[in-house]
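Below you'll find the structure, written out as structure tokens, and then a few comments.
Where a number appears in this text, it was derived from the coordinates with a stated rule and is not lab data. These numbers were taken from a predicted model, which means no experiment stands behind them. Neighbour counts are summed over all protein chains in view; Cβ atoms, including those assigned to glycine, are modelled from backbone coordinates with ideal geometry.
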């Protein structure tokens with residue numbers, strides 16, 4: 001679905017950003033109509049509309065974003081904010097003919113305040129670029145997802161994503177001190193960049209995890225961290241998922257805080273059992289104390305330490321998928337066209353419910369004829385994941401079977417008091433399940449959205465709003 005950009009609108013946009021920053025080439029519009037969501041991960045009976053954008057506008061400042069939003073309101077044209085395009089739930093999909101607002105030109109670092117341990121940067125800066133600049137002054141960016149070479153600061157905040165080292169540094173949202181954003185009505189919201197306030201509700205929360213539905217983040221002040229003085233990596237193999245989970249529970253009962261915890265029973269990496277990757281980093285004395293305690297706990301639980309190179313290879317390769325994505329963005333979108341469908345769940349559950357859920361989930365997966373490829377944990381015992389696959393050579397209509405399995409699993413998570421997603425956001429993929437997730441809370445979000453966005457222009461079709 002596409003319609004030509006009205007010449008008058010193109011002229012108005014060109015006056016704001018310059019004609020060279022209003023892109024109307026079909027190939028470019030098509031590329032930015034989609035993110036990293038695979039077509040094969042959409043429920044075949046509930047696929048969202050996909051439209052070719054009217055144009056792509058490259059903004060360079062908050063003032064330009066504000067002018068574009070006001071113009072979009074006047075002309076009733078939807079806007080989709082676009083960062084690195086690495087979102088996995090379709091949060092940047094064009095569901096209607098719209099203006100794609102490409103924020104990657106807003107990539108300047110405004111300030112690095114070493115004494116305050118904070119950095120202020122425009123939302124379009126890529127995480128890896130910001131991290132490299134921080135390294136020059138002895139600091140690091142605490143957010144370390146697989147998408148570091150691609151994702152932008154604004155995009156990561158908009159999904160409140162979790163990175164590999166979230167055990168120590170927290171999610172991206174937890175690192176936010178203050179935000180500047182253009183709201184859907186064209187007003188600019190600036191929150192105070194402070195660690196704590198009890199003067200009213202926290203308005204950062206309107207934008208953290210909001211996927212651009214409540215406003216376009218243009219600048220962020222985030223917490224930064226001194227470069228670790230020490231880092232220790234370990235890989236431990238357990239005979240079963242259950243024995244590894246028990247050991248991980250004990251780690252947390254002892255209040256140990258690995259920067260990285262990645263645990264799983266991936267059938268493609270090893271036969272039987274499950275492997276736990278642990279990274280401790282930070283103050284040398286703390287690392288020297290915590291790492292041996294963790295190994296002792298794992299040893300008592302039947303864990304066998306693997307050669308250090310196993311952990312080092314895992315650490316070095318943690319961003320490899322994103323670099324492949326950078327070379328061929330289209331390949332991820334087209335996954336499933338070969339007849340093999342892949343999907344996963346990343347859910348949050350009370351730790352006491354993880355093993356019962358895993359048992360029930362395996363029965364659900366078997367009943368649908370879908371293949372369980374891996375179950376695991378990330379960061380802490382409450383954050384559980386499963387990776388599934390379905391092949392058209394094995395079952396009838398594998399995509400439908402896979403997505404029906406996913407939705408049944410997520411429904412069970414919700415019944416157990418958990419959340420259907422803890423890191424990637426909602427986008428279009430999980431939007432139909434938002435009512436079950438939030439109950440009346442979804443209506444509250446819709447009322448806020450209607451108040452701020454009366455013309456429904458801001459990232460339409462996302463999050464069930």
- Can you give the Rg to Rh ratio for the range 369-419, taking only C-alpha atoms and Rh from Kirkwood? 1.04
- Query: Relative to the longest principal Cα axis of the chain, at what angle does helix 241-253 sit, 0 to 90 degrees, rounded to 10?
  - Reply: 80
- Which stretch or stretches of the range 63-105 have amide N atoms under 16 Å from the point lying 7 Å from residue 30's Cα along the Cα→Cβ direction? 94
- Item | Percent RCO, i.e. relative contact order, over the range 7-104, from Cα pairs under 8 Å lying at least 6 residues apart | 36
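Give me 143, 368 ranked fewest to most by other Cβ atoms within 10 Å of their Cβ, as a rough exposure proxy. Show your work: numbers first, answer last.
On the way: 143 29, 368 21.
Ranking 143, 368 by Cβ neighbours within 10 Å, fewest first, gives 368, 143.
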- Peptides 238-246, 160-168, 148-156, 200-208: what's the order by average Cβ count within 10 Å, highest mean first? 148-156, 160-168, 238-246, 200-208
- Enter the angle in degrees (range 0 to 90, nearest 10) between the Cα long axis of helix 398-415 and the first principal axis of the Cα atoms of the chain, meaning the one along which they spread out most. 80
- Task: Using a 10 Å cut-off on Cβ atoms, rank the peptides 78-87, 340-349 from the highest mean neighbour count down.
- Result: 78-87, 340-349
- How high is the relative contact order of the range 109-226, given as a whole-number percent (alpha carbon pairs under 8 Å, six or more residues apart)? 32
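Tell me, what is a quarter of the convex hull surface for the C-alpha atoms of the range 247-309, in nm² with one decimal?
On the way: hull surface 18.3 nm².
Projected over every direction and averaged, the Cα hull of the range 247-309 covers 4.6 nm².
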- Message: At 7 Å along Cα-to-Cβ for each site, give me the label-to-label distance between residue 202 and residue 355 in nm.
- Response: 3.3
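Please report the antiparallel percentage of DSSP beta bridges with both residues in the range 64-140, rounded to the nearest 5. Write down the numbers at each step before the final one.
On the way: 4 of 8 bridges.
For the range 64-140, the DSSP antiparallel bridge percentage is about 50.
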- Note on the structure: Expressed in nanometres to one decimal, the distance between label points 7 Å along Cα→Cβ at residue 293 and residue 328 is 4.7
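Output the antiparallel fraction of DSSP beta bridges having both residues in the range 7-104, as a percent to the nearest 5.
Details: 2 of 10 bridges.
Restricted to the range 7-104, the bridges split so that about 20 percent are antiparallel.
Could you compute how fast the range 364-465 diffuses translationally, taking Rh as the Kirkwood radius over C-alpha pairs and applying Stokes-Einstein at 10 °C with viscosity 1.306 mPa s? Give it in µm² per second. Can you show the working numbers first?
Working: Rh = 15.6 Å.
Stokes-Einstein gives a translational diffusion coefficient of 102 µm²/s.
Among 442, 42, rank each residue by its count of other Cβ atoms within 10 Å, from fewest to most, as a rough exposure measure. Could the numbers behind the result be given before it?
Details: 442 16, 42 19.
The order, fewest Cβ neighbours first, is 442, 42.
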- Message: In whole Å, what are the extents of the range 225-335 along the principal axes defined by its C-alpha atoms, from largest to smallest?
- Response: 45, 38, 24
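Using Stokes-Einstein with the Kirkwood hydrodynamic radius over Cα pairs, what translational diffusion coefficient do you get for the range 7-104 at 10 °C and a viscosity of 1.306 mPa s, in µm²/s rounded to a whole number? Can you show the working numbers first?
Values: Rh = 13.8 Å.
In µm²/s, the coefficient rounds to 115.
Counting only DSSP beta bridges with both residues in the chain, tell me the antiparallel percent, nearest 5.
On the way: 60 of 70 bridges.
Percentage antiparallel, nearest 5: 85.
State the percent of C-alpha pairs, over all pairs in the range 20-175, separated by a distance greater than 28 angstrom. If you can, show how the numbers build up before the last one.
On the way: 3181 of 12090 pairs.
Value for the range 20-175 (Cα pairs over 28 Å): 26 percent.
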- Task: Report, largest value first, the span of the C-alpha coordinates of the range 109-226 along each principal axis, in whole Å.
- Result: 38, 29, 26
- Message: Between [x] 131; [y] 339; [z] 148, which entry matches volume of the Cα convex hull per residue in Å³ as derived from the coordinates of this structure?
- Response: [z]
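Using Cβ counts within 10 Å as a stand-in for footprinting exposure, how do 56, 65 rank, fewest first? Mind showing how you got there, number by number?
Values: 56 21, 65 29.
Least to most surrounded, the residues fall as 56, 65.
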- Note on the structure: Per principal axis, largest first, the Cα atoms of the range 49-111 extend in Å by 41, 31, 14
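For Cα pairs less than 8 Å apart in space and 6+ apart in sequence, what is the mean separation divided by the residue count of the chain, i.e. the relative contact order in percent?
On the way: 997 pairs, mean separation 80.7, N = 465.
Relative contact order of the chain: 17 percent.
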- Task: Could you estimate the translational diffusion coefficient of the range 197-248 from the Stokes-Einstein equation, with Rh from the Kirkwood formula over C-alpha pairs, at 20 °C and 1.002 mPa s, in whole µm²/s?
- Result: 132
